[in-house]
Every structure is written in structure tokens, then in C-alpha cells.
């Protein structure tokens, strides 16, 4: 039952993992704080934002979010750990890749964006449901 509700996030996590192990010699390096806003960091924000959103969607389908704050915390923790593990693997294991603190920060911020997007989505859906009644 859990696989049926969480398959999109599993697939997305696999997609992130595959992209993370590809050699990254063509990815521009972050030199200054201003460079932090480059395409690489935007990709991290996007990928981990989608990850956070999909994980909450899975929780919503599985448990109908009776205790939303627990699922928000679980999503934040899972997304943060996944992002940190990927960065550590890039730094220590994968050849041609290097993990760094800026990428890890972008991953965490992306998860927060995904969580925020889900909360906005749910509130809007609830508001529309209440006005239709």
C-alpha cells in the first residue's frame, strides 16, 4: 500500500540520485556568494522542492494528514537527510563530483519550498472545498 502512494517520490529520488552520480565537470563552480544564485543552485531548489512536495502528497494519500505538523517535520527531516547524504556521497564517493555546503543549503531550502508549496496547495484546496459546499 505504501508503494502505491509514494511511488512518485521514490521515482523522483531515484532521478535525483542518478543526476547526482553523473560526472559534473561541466557544472560551474560557486566562487562567491553572488554565484550562489546560478543555474546549479536553482536546479537544487527545484529538485528538492519537488521532492518535498511529492513526499507530502504521499503522506496525504496514505494518512490523510490527520496530524499535519508531524508529516511536515518528517518531510523536512527526510528531505534534509537525503540532500545531505547525496552531498556527502558526491564529496567522498562519486568521481567527478564534489559536494559542498552551498549545495546542501540549496537542498534544504528546496525542501522548505516544497513543503511551503504543499501547504499553500492544501489550504487553497480546502478553501475551494468549503466554498463549494
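Each reported figure results from applying straightforward, stated rules to the coordinates on display, with no laboratory input. The structure presented is a predicted model; accordingly, all values stated were derived computationally and were not measured. For neighbour counting, all protein chains shown are included, and Cβ atoms are generated from backbone atoms with ideal geometry for every residue, glycine included.
Counting 0.36 nm for each residue step from residue 126 to residue 69 and taking away their Cα separation leaves a gain of 18.9 nm. Grab the DSSP H runs of the chain that are 4 residues or longer, score each as -39,500 (n - 2.57), total them, divide by all residues and round the 222 nm result to the nearest 500 deg cm²/dmol. Theoretical 222 nm ellipticity from helices: -27000 deg cm²/dmol. In terms of other Cβ atoms within 10 Å, 91, 64 run from fewest to most in the order 64, 91. Relative to the longest principal axis of the Cα atoms of the chain, the long axis of helix 2-21 lies at roughly 20 degrees. The residues 131, 75, when put in order of fewest to most other Cβ atoms within 10 Å, stand as 131, 75. Between 54, 68, 45, the GNM of the chain built on Cα springs shorter than 10 angstrom shows 68 fluctuating the most.
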